[in-house]
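Here the structure is laid out as structure tokens; the discussion comes afterwards.
Nothing in this text is a laboratory measurement; each read-out follows from the coordinates by a stated rule. Everything numeric here is computed off the predicted structure, so don't read it as measured data. As a convention, Cβ positions derive from the backbone with ideal geometry for all residues, glycine included, and neighbour counts pool all protein chains shown.
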Amino acid sequence: MTDKQKEFLLLRADGLSYDKIAVKLKISKFTAIQWGRIFKTDIDDLRFQSLATLKEQYQFTKKAKYEKLLQHLNRIDEALSSIQLETVQPKDLWQMRNDIIEQLEQIEKRTHFSKTNLIEKNVLGENEAVTVSLNEIG
């Protein structure tokens with residue numbers, strides 16, 4: 001595979017049209033279409049890898065937000081346990097605590113782990129990957 005074909009694969013996997021790729025690489029549109037047919041599997045693989053990477057980045061961001069909310073919740077719980085009622089308004093801390101718990105619950109409702117490396121038999125006796133929700137762990 002030539003360098004130009006490798007660049008074609010990346011551009012096509014990124015969704016560029018054959019017209020734009022032909023202009024960018026200084027090849028004919030016919031050549032771009034032929035390469036698209038020849039390298040279809042490679043293009044599909046690159047698109048899948050790109051999507052998987054994007055999903056990983058999203059999950060990492062969501063995990064970091066979740067962990068940060070848990071840290072805030074712990075700090076609020078510590079403050080509530082050592083509160084001097086005459087100097088601090090506990091209702092404000094309770095409101096913050098409830099808001100954080102609500103945000104955590106929203107993240108838990110939307111989070112599922114499909115790659116658990118757990119397999120179970122379904123009703124047809126076939127192996128099936130186990131999907132676990134965040135709130136089912138622990």
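Odds and ends about this structure:
- Residue 28/residue 1 FRET efficiency (R0 25 Å; Cβ-Cβ; nearest 0.05): 0.85
- In Hz, Karplus ³J(HN,Hα) per residue of segment 29-42 (6.51, -1.76, 1.60; θ = phi - 60°; x = Gly, Pro): 4, 4, 5, 4, 5, 4, 4, x, 6, 5, 9, 3, 4, 5
- Model label points for residue 60 and residue 47, set 7 angstrom from Cα along the Cα-to-Cβ axis, are 2.5 nm apart.
- Cross-link partners of residue 68 among lysines (Cα-Cα below 19 Å; sequence separation of 8 or more within a chain): 109
- Ordering 64, 27, 48 by the projection of their Cα atoms onto the charge dipole of segment 25-99, which places +1 on the Cβ of Lys and Arg and -1 on the Cβ of Asp and Glu, puts 27 at the extreme positive end.
- Debye intensity ratio I(q)/I(0), log10, segment 24-85, q values 0.17, 0.19, 0.22, 0.28 Å⁻¹ (C-alpha model): -0.77, -0.83, -0.90, -1.05
- Burial ranking of peptide ranges 55-61, 29-35, 44-50 (average Cβ count within 10 Å, highest at the top): 29-35, 44-50, 55-61
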